[in-house]
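Every number in this text was worked out from the coordinates using simple rules, so none of it is lab data. Here the structure is a predicted model, which means the values were calculated and not measured. For neighbour counting, all protein chains shown are included, and Cβ atoms are generated from backbone atoms with ideal geometry for every residue, glycine included.
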Amino acid sequence: MPDYYPVFLNLAGKRCVIIGGGTIAQGKIGGLLRAGCQITVISPDATPGIRQAAQRGDVTWLERTYQPGDLESAFIGVAATNVWHVNREIYEEADRLGVLLNVVDDPDLCSFIAPSVVKREPVTLAISTGGASPALARKLRETLAHAEALEWADLADVLAQARRIVKEKRVVIDPERWQCCITRGLLEMAQDGRSEEALDLLLGQLLDEQAPGMCNNLDKCQPRSCQARQASRENSNRATEAVR
């Protein structure tokens with residue numbers, strides 16, 4: 001079994017070919033559309049959902065079986081025919097053309113496998129078992145979907161704004177300083193709708209060398225002198241003891 005390299009693809013405007021018109025093929029469409037793909041479905045028959053998507057203009061449906069050359073100009077493909085020799089032909093064409101291909105339920109013919117996904121906008125967690133057990137990936141997804149740690153996703157917009165401003169100022173910030181600044185208090189501000197206040201606080205801690213509790217060197221953290229980091233560790237230790 002290969003050791004897969006995890007990656008998030010920018011598919012905006014890219015052509016995707018889905019070969020097969022069943023429920024599994026239909027299930028691929030939603031995520032690919034959200035990613036901005038231009039989707040062509042090739043199948044002599046299709047589910048009502050695929051037919052409706054074609055009627056809306058969300059996908060192009062070619063009402064026929066696969067033919068050699070169908071992957072020409074495609075960036076990504078999905079083979080969901082349930083016919084092994086057809087999937088094999090699709091795989092060989094994709095390999096020849098350099099098209100990324102997912103063959104449903106056949107990892108040996110895949111150049112990529114689709115992860116199980118947990119979303120809390122704008123954060124996405126992708127879970128893979130390397131093809132060993134889709135059932136386990138689903139169990140992990142369902143468990144993580146309710147995990148308290150996902151609350152931190154609510155800080156994403158504030159952090160993105162701060163990152164943009166720091167880049168515009170061309171200031172080098174030690175990555176550890178960012179970690180010191182991402183606190184429960186900052187998260188609660190964002191969740192309470194006080195995003196501007198949270199942004200001001202964050203920028204002050206990031207950019208002010210005299211910020212209380214922070215290291216006085218922006219581009220090189222000094223762990224022993226960082227009160228914010230020490231406080232974070234103490235809180236973490238107290239939380240661990242409480243669990244025990």
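If you go through region 75-108 and keep only what is in contact (Cβ under 8 Å) with a residue 40 or more places away in the chain and small (Gly, Ala, Ser), you end up with Gly77, Ala79, Ala80.
Residue count for region 43-71, restricted to those that are under 27 Å from the mean Cα position of the chain (by Cα) and under 24 Å from Asp108 (Cα atoms): 1.
In the set (1) of a type outside the set (Phe, Trp, Tyr); (2) assigned to a strand (DSSP E or B); (3) over 18 Å from Leu11 (Cβ atoms), the condition left unmet by Ile90 is number (2).
Within region 136-154, is even one residue loosely packed, with under 14 Cβ neighbours inside 10 Å, on the phi < 0 side of the Ramachandran plot, over 16 Å from the mean Cα position of the chain (by Cα) and assigned to a loop (DSSP other than H, G, I, E, B)? So far as region 136-154 goes, yes, one or more of its residues are loosely packed, with under 14 Cβ neighbours inside 10 Å, on the phi < 0 side of the Ramachandran plot, over 16 Å from the mean Cα position of the chain (by Cα) and assigned to a loop (DSSP other than H, G, I, E, B).
Of the residues making up region 175-216, those that are in a loop (DSSP other than H, G, I, E, B) and either of a type in the set (Lys, Arg) or without any contact (Cβ under 8 Å) to a residue 24 or more places away in the chain (or both) are Asp192, Gly193, Arg194, Asp208, Glu209, Gln210, Ala211, Pro212, Gly213, Asn216. Each residue in region 153-177 was checked for being farther than 17 Å from Glu197 by Cα and touching a strand residue (DSSP E or B) at 6+ places or on another chain (Cβ under 8 Å), and 1 of them qualify.
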